[in-house]
Amino acid sequence: MALSDYQRDMEGCSRCSSCKWVPYIQMKSARFAKNCPAICYHNFHAYSGSGRMIMGLSILRNRSELSEEVKDILYRCQLCGACDTACKLYRDDIDITEVLLELRSFCVESGQLVLENMAVIDALKQEDNVLGEPKSKRGDWAVGLDVKDVSVEKAGVLFHAGCRYSYDTDLRDSLRAGVQLMLNSGVDLGIAGKDESCCGGRVYELGYRGEAENYADDMISRVKASGADTIVTACADGYAAFKYLYPRMGKELPCEVLHLTQFLERLVKDGKLKLRDAVPLNVTYHDPCHLGRMSEPFLGQWDGNKLERPMSMKRTGRKGIYDAPRNLLTSIPGLRLLEMERIREYSWCCGAGGGVYDTNPEFALWTARERLEEAVSTGAEAIVTACPWCERIFRDSLEETGIDFKVYDLADLALVSAGILARV
Ligand code: SF4
Ligand code: SF4
């Protein structure tokens with residue numbers, strides 16, 4: 001697809017500004033009624049979903065150039081999809097996030113690169129991960145765990161750790177917790193270790209389609225060689241790449257794709273994982289954008305008039321993964337789930353998505369702070385999430401602000417409830 005394929009979407013924007021707000025029927029208070037971090041932080045229309053589409057149309061019609069200012073705006077967006085979900089309630093013939101992705105690809109294809117993104121691109125070129133850590137150490141997180149190495153033997157389930165979890169030592173225990181829960185439930189589990197690469201989701205979002213396709217091909221061959229019929233990842237970005245971006249590129253993983261929370265929920269339902277020990281905590285749950293609205297399976301391109309597009313072909317955000325994490329949390333005895341105002345497909349972003357944390361950390365951390373204030377307002381003692389990127393930025397934000405609040409990965413709490421860990 002190209003930017004020109006979305007001309008009608010861009011022309012169709014009625015500038016009603018609904019893309020800046022949680023839909024009225026979902027609003028609970030004025031304090032948490034907005035949905036777009038970019039327009040809230042920058043307070044100028046160009047930063048909204050609508051404003052970005054107007055810029056896109058102007059570029060397409062050669063009325064604007066890809067100036068430094070325009071590029072800066074295009075990349076000051078977490079690609080969280082909240083604008084798209086809100087717009088869809090009123091205008092289901094417009095696909096904002098598709099336009100946002102095309103605009104970034106248009107920048108790269110026009111040779112209009114954003115210098116701040118080059119560190120990530122170079123890191124990927126040299127070490128196949130977005131953090132620039134040594135590829136040879138990618139499997140170190142699993143030392144001591146009884147997992148198979150799929151480069152030497154087959155496994156029924158391939159576990160994809162992802163870049164952040166593989167190298168962020170602060171989050172290592174959470175990653176190991178999820179794997180330990182699967183192993184204790186008898187799952188035939190393998191990892192690719194040092195042979196694992198980035199899923200390619202980040203480069204795709206930055207507009208580097210060719211590089212993303214290479215990573216998708218690499219992943220597909222690794223899954224085929226592993227013999228696995230299921231791939232599980234604990235990374236929301238990886239999950240969204242597998243479910244949405246790969247098919248958008250015309251690539252399909254030859255196996256079932258599950259997020260860790262879905263897999264654990266299945267183990268609980270099958271009686272293979274028992275969450276029986278009490279975890280007496282009041283928590284709130286943060287829906288990662290890439291596990292929620294951005295993880296909806298790709299539905300295929302609709303080439304005709306979008307006014308005639310059937311509902312089943314529309315990306316509304318409702319088919320994201322919202323129930324599995326909540327079902328797991330509410331299965332834990334003693335744990336009370338207190339919901340925030342903006343949840344499920346109307347969730348507020350953590351701030352780390354779309355490459356923003358690398359290029360505009362102040363904006364990213366402000367976004368995280370906003371979410372943490374919402375979390376604190378529920379009366380909970382902690383925020384729980386199921387994505388290493390959300391967890392990282394929440395931890396950083398709490399450290400920066402000094403707010404006395406806890407961040408947990410859902411796997412940590414499940415590990416305690418399963419009796420494998422004494423306490424979090
Ligand atoms: S909600 Fe949709 S139609 Fe309305 S201004 Fe935003 S993008 Fe345009
Ligand atoms: S994707 Fe998120 S940050 Fe970007 S314009 Fe839409 S709502 Fe705002």
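Derivation of every value follows stated rules applied to the coordinates shown; laboratory data play no part. Quick caveat, the model's predicted, so the values are computed rather than measured. Because the Cβ atoms are built from the backbone with ideal geometry, glycine has one as well, and the counts that use them run over all protein chains shown.
So here's what we get for this one:
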{"read-out": "Contact order relative to length of the range 118-269, as percent, for alpha carbon pairs under 8 angstrom and 6 or more apart", "value": "25 percent"}
{"read-out": "Cut-off 20 Å (backbone N to label point 7 Å along Cα→Cβ of Arg395), residues of the range 154-186", "value": "160-181"}
{"read-out": "Residues of the range 320-335 with amide N under 15 Å of the 7 Å Cα→Cβ point at Ala278", "value": "332-335"}
{"read-out": "Debye log10 I(q)/I(0) for the range 285-424, one point scatterer per Cα, at q = 0.09 Å⁻¹", "value": "-0.32"}
{"read-out": "222 nm mean residue ellipticity, helices alone, for the chain (DSSP H n ≥ 4; -39,500 (n - 2.57); rounded to 500)", "value": "-12000 deg cm²/dmol"}
{"read-out": "Net +/- balance of residues flanking Arg209 in space, Cβ distance below 12 Å, scoring K and R +1, D and E -1", "value": "-2"}
{"read-out": "Positive-pole candidate from Ser105, Ala241, Cys87, dipole of the chain, charges at beta carbon", "value": "Cys87"}
{"read-out": "Formal net charge of residues neighbouring Lys224 (Cβ-Cβ distance under 12 Å; K, R +1; D, E -1)", "value": "-2"}
{"read-out": "Percent RCO, i.e. relative contact order, over the chain, from Cα pairs under 8 Å lying at least 6 residues apart", "value": "17 percent"}
{"read-out": "Degrees separating the helix 118-127 axis from the principal Cα axis of the chain, which is the longest one", "value": "40 degrees"}
{"read-out": "Dipole magnitude (debye, nearest 20) for the chain, charges at Cβ of Lys, Arg, Asp, Glu", "value": "1080 debye"}
{"read-out": "Size of charge dipole - the range 118-269 - debye, nearest 20, with Cβ of Lys, Arg +1 and Asp, Glu -1, no other charges", "value": "200 debye"}
{"read-out": "Expected-Rg normalisation [2.2 N^0.38 Å, Cα atoms] applied to the chain", "value": "0.94"}
{"read-out": "Principal-axis tilt of helix 260-269 within the chain, Cα atoms, nearest 10 degrees", "value": "50 degrees"}
{"read-out": "The range 249-308 - charge dipole about Cα centre, Lys and Arg +1 at Cβ, Asp and Glu -1, debye rounded to 20", "value": "300 debye"}
{"read-out": "Entries of Lys154/Lys243; Lys194/Lys243; Lys71/Lys306; Lys274/Lys314 with Cα pairs more than 32 Å apart", "value": "Lys274/Lys314"}
{"read-out": "Per-residue Cβ neighbour rank within 10 angstrom, fewest leading, Arg8, Arg104, Arg344, Arg423", "value": "Arg423, Arg8, Arg344, Arg104"}
{"read-out": "Kirkwood hydrodynamic radius of the range 1-113, Cα pairs, Å", "value": "14.2 Å"}
{"read-out": "Ranking of Cys163, Cys40 by count of other Cβ atoms within 10 Å, fewest first", "value": "Cys40, Cys163"}
{"read-out": "Taking the range 1-113 and dividing mean pair separation by its residue count, relative contact order in percent (alpha carbons under 8 Å, at least six apart)", "value": "35 percent"}
{"read-out": "Highest-MSF residue in the chain out of Ala123, Ala236, Ala228 [GNM, Cα springs under 10 Å]", "value": "Ala123"}
